[in-house]
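Here is the structure we will look at, set down as structure tokens.
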Amino acid sequence: MLIVGGGTAGWLTAAYLARALGGAVSITLLEAPELGTIGVGEGTFPTIRETLRFLGIDEAAFVRDAGATFKQGVRFAEWQPPVAGVPHSYFHPFDPPYQGAGLVPHWLRQDARARAPFAEAVSIQQRVAAARRAPKQPGEGDFDGPLHYAFHFDAARLAALLATRARALGVAHRSARLRAVVGAADGGIARVETDIGALTADLYVDCTGFRAEMIGEALRSPFHSVADQLFTDRALTCKIPYDSPDTPLESATVATAHAAGWIWDIGLAGARGIGCVYASGYMGDDAAAETLGRYLGRDPAAIAPRRIAFTPGWRERSWIGNCVAVGLASGFLEPLESTGVVLIEAAAAMIAELLPSDGPVDAPAARFNALLAARYENIAAFLKLHYCLSARPEPFWRDHRDPATIPPRLRDWLDQWRHRPPSRFDFQLESETFAHFNYQYILYGMGYATAGGSADAAATERGERLLARVRTFGERAARELPPHRALVEQLAAAPISPARTGS
């Protein structure tokens, strides 16, 4: 197997497949020495914990070597117009509502003018993240804890950590530039030409990023654009050091809306990772730089951000013959909910389980393509949900509300959800990234009205008790869990467990 391209996609795939397939497959990763990591959306989804555990990476080592911090969800700011001068804000936590779906109908039946925000009412995580507390106590097991969590990380440092682990698992590393991809008579790839000569493999994994040099340039897999649904296509990224080394760390991504997109703000250990995402059809590059400057309170000329252009969408077929694409070569959707890495995780896991030990790959490739395309489509609909519920007045936001830009299935769901909350039965789990409660957090955070139904006195009393319990647990957790920065610094200073360093 030859993986072409490094970065998070290449090295995570290499390490995962080496771990999953063991010595049954020889894996080589070809990486051009001068190409760097793009680093868009330096965040993850809670699935990363099981992935890192599977790879045998120590949590303390991960925090130290990847410059990682904890992420407990996303705080959205100004995605709706202010009310009575108060800016709009809501939280999307990783934890599901307390005791499952039972509390949601009760919250819906409460007076909308007086009830607590949905995430605050049904989950303790909102209070924990707002207090900038960590999701776990020191001494709890690797990737374990009372709350669901993911990580923020430095993309270049994560790639280096994954490379070290992949090599320890037996992956060979070749440093050279890709010169040409030579097609085979059967429509696959015959070989790749590089600075160090021709290389051949039974399976080629395209991790060449937006260039998609094998799946796109050589094999011409069509690209399915969703630019008519999701309008953002540019990002300006930068890192800003803290004013003080003991500045409290945010424990969630902050996503602040602006006239033609939004700004992410990620609390890394040594700096804030900032990105201004915008739609070039509604905002020029200079205006985007000014928007970023206003957010940071700095002269735009002094920031010198990196500009990245992208088209939201995915390859119609990410696996063709003996070539499969992973990461940006397969597709890209804006980093609003940090889905880039989770798509790499999903692709690597599917390759590991679907790749036959011998025989044709047509059927596994077709299954892979169907599942991955469905996952992209479902994520695109979830991202669209954030935009189409906004009542902001700017053209960018007005156009997102146009029913013609909303996927038919999402339009149908929104019609149904006027009369009931999103349910687990709405979704095909094998192709979903987000659960029904993730949709609830966005719907109710954006003020979408859903009928609550009726309840007798006993059910109402039970609901009130549960809400009071959530409030008490949340207040206690916000007091007793350690400050986020304190836990990060403690983990970064901890020795690596010998049990987690072997293969």
Global form of the range 419-503, assessed from the alpha-carbon gyration tensor, a/c cut-off 1.5: oblate
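Using a/c under 1.5 as the rounded threshold, could you call the range 159-292 rounded, prolate or oblate? The axes a ≥ b ≥ c are square roots of the C-alpha gyration tensor eigenvalues, and prolate needs a/b larger than b/c, oblate otherwise.
Details: a/c = 3.11, a/b = 1.55, b/c = 2.01.
Oblate shape, in that a/c is at least 1.5 and b/c is the bigger or equal ratio.
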P(r) of the range 233-332 over all Cα-Cα pairs, binned every 10 Å from zero, in whole percent: 14, 38, 27, 15, 5, 0
Protection proxy ranking of 348-354, 457-463 - average other beta-carbon atoms within 10 Å, highest first: 348-354, 457-463
Estimated inter-spin distance, E464 and E193, nm [label 7 Å along Cα→Cβ]: 7.9
Largest-first principal axis extents, alpha carbons of the range 345-472, Å: 63, 42, 26
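What is the extension gain from T28 to A185, computed as 0.36 nm multiplied by their sequence separation minus the C-alpha to C-alpha distance, in nm to one decimal? Please list the in-between numbers first.
Working: separation 157, 0.36 × 157 = 56.52 nm, distance 2.39 nm.
Full extension of this stretch gives 54.1 nm more.
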Net charge, G331 excluded, C-beta distance under 13 Å - Lys, Arg +1, Asp, Glu -1: -1
The range 1-137, relative contact order [Cα under 8 Å, separation at least 6], %: 16
Volume in Å³ per residue [convex hull over Cα atoms, computed for the range 253-299]: 66
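A493 to I240: FRET efficiency via 1/(1 + (r/R0)^6), r the Cβ-Cβ distance, R0 35 Å, to the nearest 0.05? Show your work: numbers first, answer last.
Values: r = 24 Å, r/R0 = 0.70.
Efficiency for this residue pair is about 0.90.
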Sequence ranges 369-380, 417-428, ranked by mean other-Cβ count within 10 angstrom, highest first: 369-380, 417-428
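Within the P(r) computed for the range 119-190, what percentage of the Cα pairs occupies the region above 20 Å? Please report the intermediate quantities before stating the final value.
Details: 1634 of 2556 pairs.
So the portion of pairs separated by more than 20 Å is 64 percent.
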Difference of contour (0.36 nm per residue) and Cα-Cα distance, L429 to A449: 4.7 nm
Length-normalised contact order for the range 123-260 - Cα pairs under 8 Å, 6+ apart - percent: 20
DSSP H segments from the chain that extend 24 Å or more along their own axis, Cα-based, with Kyte-Doolittle mean of -1.0 or above: 362-388, 457-480
Cβ crowding within 10 Å averaged over residues, with 274-284, 470-480 ranked highest first: 274-284, 470-480
Equivalent ellipsoid, the range 1-83 (semi-axes from 5 times Cα gyration tensor eigenvalues, Å): 31, 17, 12
Within the accessible area of the range 140-273 (1.4 Å probe), percent carbon and sulfur: 49
Gained length - D111 relative to A366, 0.36 nm times residue gap less alpha-carbon distance: 86.8 nm
Shape call, the range 83-149: gyration tensor on alpha carbons, a/c limit 1.5: oblate
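Restricting to Cα pairs below 8 Å that are 6+ residues apart, what does the relative contact order work out to for the chain? Please round to a whole percent.
Working: 969 pairs, mean separation 123.8, N = 503.
Reported as a whole number, the value is 25 percent.
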For the chain, share of DSSP beta bridges that run antiparallel, in % to the nearest 5: 75
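The values are calculated or read from the model by the stated rules, or taken from the named source; none is laboratory data. These numbers come from a predicted model, not from an experiment. Here the Cβ is made from the backbone with ideal geometry for all residues, glycine too, and neighbour counts use every protein chain on show. For accessibility, only protein heavy atoms count, side chains too; no ligands or nucleic acids. Shrake-Rupley method; radii C 1.70, N 1.55, O 1.52, S 1.80 Å.
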